[in-house]
Each structure stands twice: as C-alpha cells, then as structure tokens.
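Have a look at the structure below, then the notes.
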Amino acid sequence: MAYSQRPYPIAAGLAGRCPQCGKGRLFHGFLTLRPKCEVCGLDFSFADAGDGPAVFVILFAGFVVVGLALVVEFLYQPPFWLHALLWGPLILLVTLGPLRPFKGVLIALQFHHDAAEGRLDLDKRQ
Ligand SMILES: [Zn+2]
C-alpha cells in the first residue's frame, strides 16, 4: 500500500503515530514499540532510537531543573528539604513526560530520512 501523503514526521512522532500513515499507534505500553503498524502494516523493526531520547531528555531536564534550583537557591536560600520537595517531582515530570514523544520523534525522523547503521555496498565497487 503506497502512501502518497506521509504525515509530518515531528507531528507523527510527538503523537506516537506511525511515521508512514500517521494513523496507527507506534507504542505498545510506555516505551515499547509495536512490531508493526496496525493500519498500514509498516514493520517497525527498522526503528532503533537507542539512547537518543534519554540523552535529549537528560540534557533538557538538567538544564531546567538545575537552572531553577540555582535560581531559587540564590534568591531565597530555602532549606534543603524544600529543595527536595520542589525538585524531586519536577525531575520526574521533566524526564518521564517528554521521553515517549522524543522517542517517537526520533523514530519518525529515522524513517523519514531512511537512516540506518552504515552498510558496506560491495557490489558498487566492482
Ligand atoms: Zn502505519
């Protein structure tokens, strides 16, 4: 089945939808990929986001949480228990919240750009 109008990869990834048809769901559970799209049948075995989503989330979360913690510490000097109370839940929110959309976007972009591990094309050298 040919899809002449593919969804915009970032929109499909953020929504957790199939990068080919934009309708089928990409995930089964929180971060587990489905074996294939239930609508168009695209095999998701090509998808390997690796540690990419976690790296982006760590950079984002570190910037937000550490930045806010430093601002609050310099402005108000609150006790340490208040730091723990403030930043503990925020860390969970800014790490677990964007993890799935980031993984979806990276997989959709991988499909869109036909990205894969490097392969030797020995036939063309002859
Ligand atoms: Zn699909």
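Per residue, the chain reaches -18000 deg cm²/dmol at 222 nm when only DSSP H runs of four or more residues are counted, each adding -39500 (n - 2.57).
Taking other residues whose beta carbon is less than 12 angstrom from the beta carbon of I107, and scoring Lys, Arg as +1 and Asp, Glu as -1, yields +3.
If you take every residue apart from G24 with its C-beta less than 9 Å away from the C-beta of G24, what net charge results, scoring Lys and Arg +1 and Asp and Glu -1? Counting the neighbours of G24, the net charge comes to +4.
So with the 1.4 Å probe, I'd like the accessible area per residue for the chain, rounded to whole Å². Kindly include the intermediate steps, with their values, before the conclusion.
Details: 8810 Å² over 126 residues.
Accessible area per residue: 70 Å².
The residue list V39, A61, F111 was ranked by how far each Cα lies along the charge dipole of the chain toward its positive end, using unit charges on Cβ atoms, and V39 comes out on top.
Relative to the Cα centre, the charge distribution of the chain, modelled as +1 at Lys and Arg Cβ and -1 at Asp and Glu Cβ, gives a dipole magnitude of about 400 debye.
Of the chymotrypsin sites (Phe, Trp or Tyr not before Pro) found in region 20-126, those that fall in a DSSP loop while having at most 10 other beta-carbon atoms within 10 Å are F30. Relative to the dominant Cα principal axis of the chain, helix 52-76 is inclined by about 20°. Tilt of helix 80-112 relative to the longest C-alpha principal axis of the chain, in degrees (0 to 90, nearest 10)? Rounded to the nearest ten degrees, it is 10. Less than 15 Å Cβ to Cβ from G52, Lys/Arg counted +1 and Asp/Glu -1: what total charge do the surrounding residues give? Once positives and negatives cancel, what remains is -1.
Once you put a point 7 Å from the Cα of F74 and another 7 Å from the Cα of T32, both along the Cβ direction, what distance in nm separates them? Going by the 7 Å Cα→Cβ label model, 4.6 nm. On the chain, 65 percent of the accessible area sits on carbon and sulfur atoms, based on a 1.4 Å probe. Structural descriptor for the chain: relative contact order 35 percent, calculated from alpha carbon pairs under 8 angstrom and at least 6 residues apart. To the nearest whole percent, what portion of all C-alpha pairs in region 1-66 is separated by more than 13 angstrom? The proportion of pairs with Cα distances above 13 Å equals 68 percent.
The values are calculated or read from the model by the stated rules, or taken from the named source; none is laboratory data. Here the structure is a predicted model, which means the values were calculated and not measured. Neighbour counts run over all protein chains shown; Cβ positions are idealised from the backbone, glycine included. Accessible surface is based on the protein model in full, side chains and every heavy atom, while ligands, DNA and RNA are left aside. Shrake-Rupley method; radii C 1.70, N 1.55, O 1.52, S 1.80 Å.
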